[in-house]
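Notes for the one structure printed next.
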Amino acid sequence: MRPDSFEFLKALSAAPSPSGYEQPAQKVFREYIQNFVDEVQTDVLGNSYGVIRGQGEGPPTVMLAGHCDEVGFMVQYIDENGFLYFSSIGGVDEQLLPGKRVCVHTQKGPLMGVIGRKPIHLIDPKDREKVVKMHNQFIDIGAQNKKEAKKSVRIGDPITFVGGLDKLMGDRVVSRGFDDKVGSFIVAEVLRRIGEKKNRPRCIVYGVSTVQEELGLRGATTSAYQIQPDVGIAIEVGHASDYPEVDKKRVGEHKLGAGPIVARGANINPLVYELLMKAAKKTKTPVQVLGAPRATGTDASVIQLSRKGVATGLVSIPLRYMHTPTEVLSLKDLEAACQLLVGFIYELTEKMSFIPA
Ligand SMILES: [Zn+2]
């Protein structure tokens, strides 16, 4: 990966962006893309758009969507002793919380905290197997009491796990929030790769870093309405099945480093799928296929149903340990996804129809 791109991925991973509080990540996104696009736009929900006008004014208009929001937590209640009680923003497994370091994002800046847990010596043997409910877990920020805690913390402050991007062996990396900051990353990288080319695509490209996906695909709903695309591709993370305990019979066979996952099924326009496969072949990009019989629960679900309907595709990066603070993926798959999507965009022409025959 190009060093500048890697630094961008690192900055995006480090920026806090729980759903509804995405602007630190959006700022990183906008600053990066501004050099490669014709126009940068924003909207009232907090979505960020980079626009590349093709040869003339299209059609078709293509929308790429990667959501920059990550799962996290929110301060609900501060007790007399200054401990913070919290709920989750998006789906987080309460089993993995005790003993973790977290960052409370306050008006006065980031504040370190830990999710406390009574020591094993003091837990009755019969309770050791039990999971403590999230509403009974608490964050210790080191405050003496409620008054001191309230000097910095306000109800509704967002909280993230601590930890940005680190390298593992080979081309594998770990971070919190790769779901779906890598979607935003790929959108930005595709804009860059197209923006740096001499020949413009024969379509208008909107690259959107969407918000509030984890809360019900909310940013993609409004941004698709705004753009009115002919073609929409969601860029997401997908469950890898190459580690213990994940059942290939249930999720399909998807490996890290074997290329992006291209979905097929009712949420996907068959001609968009075929064009993605054609682009994969032409650009010699390895891809894996996911059978998706229902709405995919990604931005692709709402993009497809926007206005009169949009020809939709879904490209996912294989990811291990989704929605934990230690999501793992292969950088090779990010590069491959960019290559595939650039190839796809250059296949689009004004004459193309996506009405299934
Ligand atoms: Zn996601």
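How many residues, within the stretch 193-213, are in a helix (DSSP H, G or I), out of contact with any strand residue (DSSP E or B) (no Cβ under 6 Å at 6 or more places or on another chain) and surrounded by 24 or more Cβ atoms within 10 Å (Cβ to Cβ)?
Counting residues in the stretch 193-213 that are in a helix (DSSP H, G or I), out of contact with any strand residue (DSSP E or B) (no Cβ under 6 Å at 6 or more places or on another chain) and surrounded by 24 or more Cβ atoms within 10 Å (Cβ to Cβ) gives 0.
Identify all residues within the stretch 1-35 that are at pLDDT 95 or above and under 30 Å from GLU350 (Cα atoms); write none if there are none.
Residues satisfying the conditions are PHE29, ARG30, TYR32, ILE33, GLN34.
Can you tell me which of ALA279, ALA300 is more than 22 Å from the chain's Cα centre (by Cα) and aliphatic (A, V, I, L, M)?
Values: ALA300 fails: more than 22 Å from the chain's Cα centre (by Cα).
Exactly one residue qualifies, and that residue is ALA279.
Within the stretch 14-56, how many residues are of a type in the set (S, T, N, Q), touching a strand residue (DSSP E or B) at 6+ places or on another chain (Cβ under 6 Å) and assigned to a helix (DSSP H, G or I)?
1
When you scan the stretch 221-250, how many residues do you find that are within 16 Å of the ligand (Cβ to nearest atom) and not in a helix (DSSP H, G or I)?
Residues flagged as within 16 Å of the ligand (Cβ to nearest atom) and not in a helix (DSSP H, G or I) within the stretch 221-250 amount to 9.
When PRO16 is evaluated against the numbered criteria (1) touching a residue at least 40 places away in the same chain (Cβ under 8 Å); (2) buried (at least 23 other Cβ atoms within 10 Å of the Cβ), which criterion, by number, is the only one it fails?
The number of the failed condition is (2).
Across the stretch 14-46, what is the total count of residues that are within 21 Å of ARG193 (Cα to Cα) and either of a type outside the set (Asp, Glu) or touching a Ser or Thr at 6+ places or on another chain (Cβ under 6 Å) (or both)?
Just the residues of the stretch 14-46 that are within 21 Å of ARG193 (Cα to Cα), to begin with: 25-41.
Within this subset, residues satisfying the condition of being either of a type outside the set (Asp, Glu) or touching a Ser or Thr at 6+ places or on another chain (Cβ under 6 Å) (or both) are 25-30, 32-37, 40-41.
The qualifying residues number 14.
Taking the conditions exactly as written (modelled with pLDDT of 95 or more and more than 16 Å from the ligand (Cβ to nearest atom)), does LEU191 satisfy them or not?
Yes, satisfied.
The values are calculated or read from the model by the stated rules, or taken from the named source; none is laboratory data. Just so we're clear, the structure is a prediction, and the values are computed from it rather than from any experiment. Virtual Cβ from ideal backbone geometry, glycine too; neighbours counted across all protein chains shown.
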